[in-house]
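Contents: one structure, followed by commentary.
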Amino acid sequence: MTISTVVKRHLETGTSSVRHLLSTRDVTRHDVTRWMARAEELRVMSAKDRQTILAGSVVAAIFYEPSTRTRLSFESAVLRLGGRVISAENALEHSSAKKGERLEDVFRVLGCYADAIVIRHHENDAMAMAAPQSPVPIINAGAGSGEHPTQALLDVYTIWRELGQVDGLEICIMGDLRYGRTVHSLLQLLTKYRNVSVTLLHPASLGLPEEMMQALRSRGLSIQTTQDLTSALSRADIVYQTRIQTERLSCIDEALGTEKFHLTSASLSVMKPSARILHPLPRVDEIHPEVDDDPRAAYFRQVENGLYMRMAILEDMVRR
């Protein structure tokens, strides 16, 4: 059962009026535009004025898998808006999950303590199945190899800030497309935009799941695959690089051929002067450090953009 199916069924039964952010499939283009506009306002707002926005609110952050950027980005966003954070890191080992507690019960309990729950989970669909039991909004901060919607939202925000548009762009996505949840969410979000053309480059065993490929094409997204790195880079307005999800590989052979898709200074020589390079981070060796100083490398600006996008999302969902 997909996240969208669970949410749709839940809404149809009328059992809750709480809005969750579980998948980019459940986000409208209007939502994205509204959050980007608010992120721009929050960026220039005084710290004093921002501190009143979530004053008195508490957000629970519970992470069953490791995280640096996402967890601290959310926690910083809450604090900058004047709210408070209660958190559990490595919750798979250091929470009642170790005792076998069901996620439905976790949401019921945390909903007594907090006004929203930010969660990263090791299973693709567990939080979607449990979300209907939560009395407060659930924000998906990464679900197994499934989705990572707030990363996709900050990615699109970065594209818009860097190039001034999303419609009509050529986007090259590279790396682990099978297990890369950031890619899954980004591709779903790109279906909201017009005339976007996507080229996929990946090791043979790490391609986009076929069911997802068909679903994206049925929603009008133009997708092609290629092994010609030079050609794809030369056409791209956006190059979205990802790391190999080694922690999710069934065997090491799945990673064979990954070095072919690394970005180096030689890669830069074939790219457009106006192109931009994005990466959800962390990186390993798929983008060489020599690329960092090129003005087209936008991945650290992307991190900063994520702070303001998550501030906008939290304000909207916690105060709803």
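Rule-based calculations on the coordinates, nothing more; no lab input. Here the structure is a predicted model, which means the values were calculated and not measured. Positions of Cβ are backbone-derived with ideal geometry, glycine not excepted, and every protein chain shown enters the neighbour counts.
Show the residues, 5+ positions off or on another chain, whose built amide H is closer than 5 Å to the amide H of VAL198.
Correct list: ILE171, SER222, ILE223, GLN224.
Putting +1 on Lys and Arg Cβ atoms and -1 on Asp and Glu Cβ atoms, find which of ILE171, GLN188, GLN151 reaches farthest to the positive end of the dipole of the range 142-201.
Farthest towards the positive end: GLN188.
Any idea what angle helix 299-318 forms with the longest principal axis of the chain, computed on alpha-carbon atoms, 0 to 90 degrees, nearest 10?
30
Expressed as an acute angle from 0 to 90° and rounded to the nearest 10, what is the orientation of the C-alpha long axis of helix 181-190 relative to the principal long axis of the chain?
Between helix and principal axis, roughly 80 degrees.
For the range 149-302, what D do you get in µm² per second when you plug the Kirkwood radius from alpha-carbon pairs into Stokes-Einstein at 4 °C and 1.567 mPa s?
Working: Rh = 15.4 Å.
Here the translational diffusion coefficient equals 84 µm²/s.
Scan around ALA61 for amide H atoms under 5 Å from its own, H built in the peptide plane at 1.01 Å from N, and keep only partners 5 or more places away or cross-chain.
So ALA61 has HN proximity to ILE86, SER87, ALA88, VAL118.
Work out how much length ARG69 to SER234 would gain on full extension: take 0.36 nm times their residue separation and subtract the Cα-Cα distance, in nm to one decimal.
Values: separation 165, 0.36 × 165 = 59.40 nm, distance 3.03 nm.
Stretched out fully, the ARG69 to SER234 stretch lengthens by 56.4 nm.
Residue separation times 0.36 nm, minus the C-alpha to C-alpha distance between ARG301 and SER87: what's the value? Intermediate values should be presented prior to the final figure.
Values: separation 214, 0.36 × 214 = 77.04 nm, distance 2.63 nm.
Working it through step by step, the gained length comes to 74.4 nm.
Which distance in nm do the two modelled labels at GLN214 and GLN165 give, with both placed 7 Å along the Cα-to-Cβ direction?
Going from the GLN214 label point to the GLN165 one covers 3.4 nm.
With only Lys, Arg, Asp and Glu charged, each at its Cβ (+1 for the first two, -1 for the last two), find how big the charge dipole of the range 100-230 is about the Cα centre; round to the nearest 20 debye.
Numbers: 10 positive and 15 negative charges, 46 e Å.
Here the size comes out at about 220 debye.
Obtain the nm distance between the two label points defined at ARG102 and LEU79 by a simple spin-label model: each point lies 7 Å from its Cα along the Cα-to-C-beta direction.
3.6
Rounded to whole Hz and in sequence order, give me ³J(HN,Hα) for the range 229-237 from the Karplus expression 6.51 cos²θ - 1.76 cosθ + 1.60, θ = phi - 60°, writing x for Gly and Pro.
Values, residue by residue: 4, 4, 5, 5, 5, 5, 8, 6, 8 Hz.
Taking θ = phi - 60°, what integer Hz values does the Karplus form 6.51 cos²θ - 1.76 cosθ + 1.60 yield along the range 23-30, in sequence order, with x for Gly and Pro?
With the stated coefficients, the range 23-30 comes to 8, 6, 5, 9, 9, 8, 4, 4 Hz.
Between ASP49 and ALA204, take the C-beta separation as r, use R0 = 41 Å, and let me know the FRET efficiency to the nearest 0.05.
Once the sixth-power term is evaluated, E becomes 0.20.
Take every Cα pair under 8 Å in the range 81-203 that's 6+ residues apart, average their separations, divide by the length, and report that relative contact order as a whole percent.
19
How much length is gained if the chain between HIS30 and ASP292 is pulled fully straight, taking 0.36 nm per residue apart and subtracting their Cα-Cα distance, in nm to one decimal?
Working: separation 262, 0.36 × 262 = 94.32 nm, distance 3.31 nm.
Computed gain between HIS30 and ASP292 is 91.0 nm.
Counting each DSSP H run of 4 or more residues in the chain as -39500 (n - 2.57), what helix-only mean residue ellipticity at 222 nm follows after dividing by all residues, to the nearest 500 deg cm²/dmol?
One gets -11500 deg cm²/dmol as the mean residue ellipticity at 222 nm.
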